[in-house]
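The values are calculated or read from the model by the stated rules, or taken from the named source; none is laboratory data. Everything numeric in this text was worked out from a predicted model, so none of it was measured. When we count neighbours, we look across all protein chains shown, and the Cβ atoms used for this are built from the backbone with ideal geometry, even at glycine. The protein model used for the area step is the full one, side chains on, heavy atoms only, and it has no ligands, DNA or RNA in it. Shrake-Rupley method; radii C 1.70, N 1.55, O 1.52, S 1.80 Å.
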Amino acid sequence: MNFRRTLFATATAAVLAVAALPLTTTAQTILKAADVHPAGYPNVVAIESLGRKLEAATNGKYKLQMFPSGVLGGEKEMIEQTQVGAINILRTSLGPLGTVVPDVQVFNMPFVFRNEAHMRAVIDGPIGQELLDKITASPAKMVALGWMDGGSRSLYTKKLVKTPADLKGQKVRMMGNPLFVDTMNAMGGNGIAMGYGEVFSALQTGVLDGAENNPPSMFTSNHYTAGAKFYAQTNHLIIPEIFVMSKVTWEKLSKDEQALVVKFSREAQLEQRALWDKSVAEYTAKLKAAGVEFVAVDQKPFYDATAPVRAKYGAPYADLIKRIEVTK
C-alpha cells in the first residue's frame with residue numbers, strides 16, 4: 001500500500017511539474033516547394049533562400065522542403081497539385097500556365113521582347129505587376145509571388161541550323177502549349193509538344209532531332225550528350241518564369257505572414273536574377289568546352305516567319321503588346 005501511495009505521489013508530482021512549464025509551440029508547418037530544375041539551379045536556390053528567411057522570421061513556424069528535378073511530376077502536373085494545395089510553392093514556366101491563365105500568353109509569343117534587358121524592364125514595371133495581379137485574381141487558385149528569368153530560348157539540334165529552311169523536316173521539342181508548337185512550325189520545323197523529362201531519351205532514340213531552351217537548361221539536362229551539338233542563337237522566345245503559392249496555403253497565413261512572403265518573394269526574384277546571369281555565362285562556357293557549337297544567326301528571317309503566330313495569338317492583347325513595345 002505504501003508503495004502504491006508513493007508511486008501515485010511521484011506520478012502526480014511529475015504531472016504538476018510538466019504543467020508548470022511555460023507553454024511552447026512545437027508544431028511546425030512544412031511548405032512543399034517544387035521545380036523541374038535540379039538542386040543548385042538559380043531558381044531552386046532562390047526559393048530555398050526564401051524558405052530560410054520565412055523560417056527565421058516566423059521562429060520556425062514554417063519550414064520549406066524543396067522537391068527539385070521534377071520529382072513531383074512535370075510542370076502541368078505540379079500546377080494541378082498547387083491548385084489543390086498539395087504543393088505550396090511552385091516555380092513554373094509560363095508555357096503550361098498559359099493554358100490555365102490565358103493573359104500570360106502575351107509573354108509567350110515569339111520575339112515579343114527585343115532582348116533580355118527589355119523583358120526585365122517590362123516585368124519590373126506596371127505591366128509585370130498587372131499580370132501578377134491577374135493570375136492571383138483568376139480562378140487558377142494560385143497567388144502569383146514574383147517573376148524569374150528564364151533566359152533567351154534558342155534552338156539546339158543535331159544538324160546545323162542557320163535559316164528557317166534548315167529546320168525543314170526536323171522534329172523539335174516544344175513546351176506543351178499550342179502557341180509554341182505553332183511557333184516552331186512557322187519557323188520551319190516540326191514542333192512536338194513533350195514533357196521536359198522525356199526530352200533526353202527522345203533525343204537519344206531519334207524521336208527528336210532537337211529542342212530549344214537556354215544554356216543552363218541544356219547543360220543541366222544533359223541534352224548536349226544526347227546528340228544536340230549545335231546551338232543556333234535565334235532567341236525566339238524570351239519568357240520570364242513565375243513562382244506562385246497555392247491559394248489554399250495563402251489563405252491559411254496571417255496578414256503579417258503574407259506580408260513576409262511578399263517581401264521575401266521580391267528578394268528571391270532579385271537573387272535569382274543575379275544567380276541567373278552568372279549561370280548563363282558559366283554554362284555557356286561548359287557547353288562550348290564539351291564541343292557544342294554556338295551559331296550566330298540572322299534573327300530577322302525567323303522573326304518574319306513567326307508574324308502569323310503573333311497575329312493569331314496576340315490579337316486579344318493588341319493594346320498590351322503596344323505598351324510592351326514602348327517600354328524602355
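The table below gives the values:
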item: Amide H partners (placed H, <5 Å) of GLN170, local residues excluded; result: ASN190
item: Computed label-point distance, nm, for sites GLU293 and LYS134 using a 7 Å Cα→Cβ extension; result: 4.2
item: Peptides ranked, highest mean first, by Cβ atoms within 10 Å: ranges 231-241, 70-80; result: 231-241, 70-80
item: Other-chain or far-sequence residues with amide H under 5 Å of THR234's (modelled H); result: LEU155
item: 5 angstrom amide H check on MET66, placed H, neighbours 5+ away; result: ALA33
item: Rounded accessible area per residue of the chain, 1.4 Å, Å²; result: 46
item: Value of [θ]222 nm, deg cm²/dmol, for the chain, DSSP H segments ≥ 4, -39500 (n - 2.57) each, nearest 500; result: -14500 deg cm²/dmol
item: Rounded to 5, percent antiparallel among DSSP beta bridges of the chain; result: 55
item: Most to least packed among 152-162, 91-101 [average Cβ atoms within 10 Å]; result: 91-101, 152-162
item: Per-residue ³J(HN,Hα) for the range 61-66, Karplus 6.51 cos²θ - 1.76 cosθ + 1.60, θ = phi - 60°, Hz, x for Gly and Pro; result: 5, 10, 10, 8, 10, 8
item: Leading residue at positive end of dipole, the chain (Cβ point charges), from PRO38, ASN235, ASN222; result: PRO38
item: Accessible surface of the chain, 1.4 Å probe, proportion on carbon and sulfur as whole %; result: 59
item: Over 24 Å (Cα to Cα) - which of LYS76/LYS229; LYS61/LYS263; LYS247/LYS312; LYS76/LYS158 fall in this group; result: LYS76/LYS229; LYS247/LYS312; LYS76/LYS158
item: Karplus 3J(HN,Hα) series, Hz, for the range 181-195 with 6.51 cos²θ - 1.76 cosθ + 1.60 (x for Gly, Pro); result: 4, 4, 4, 5, 4, 5, 6, x, x, 10, x, 10, 6, 7, x
item: Cα gyration tensor shape of the range 218-328, rounded if a/c is under 1.5, else prolate or oblate by comparing a/b with b/c; result: oblate
item: Straight-distance crosslink candidates among aspartates and glutamates, where the alpha carbon sits under 13 Å from LYS278 and sequence neighbours closer than 8 are dropped; result: ASP149
item: Candidate values (i) -0.33, -1.10; (ii) -0.40, -1.11; (iii) -0.28, -1.06, label of the one derived for log10 I(q)/I(0) by the Debye sum over Cα atoms at q = 0.07, 0.14 Å⁻¹; result: (i)
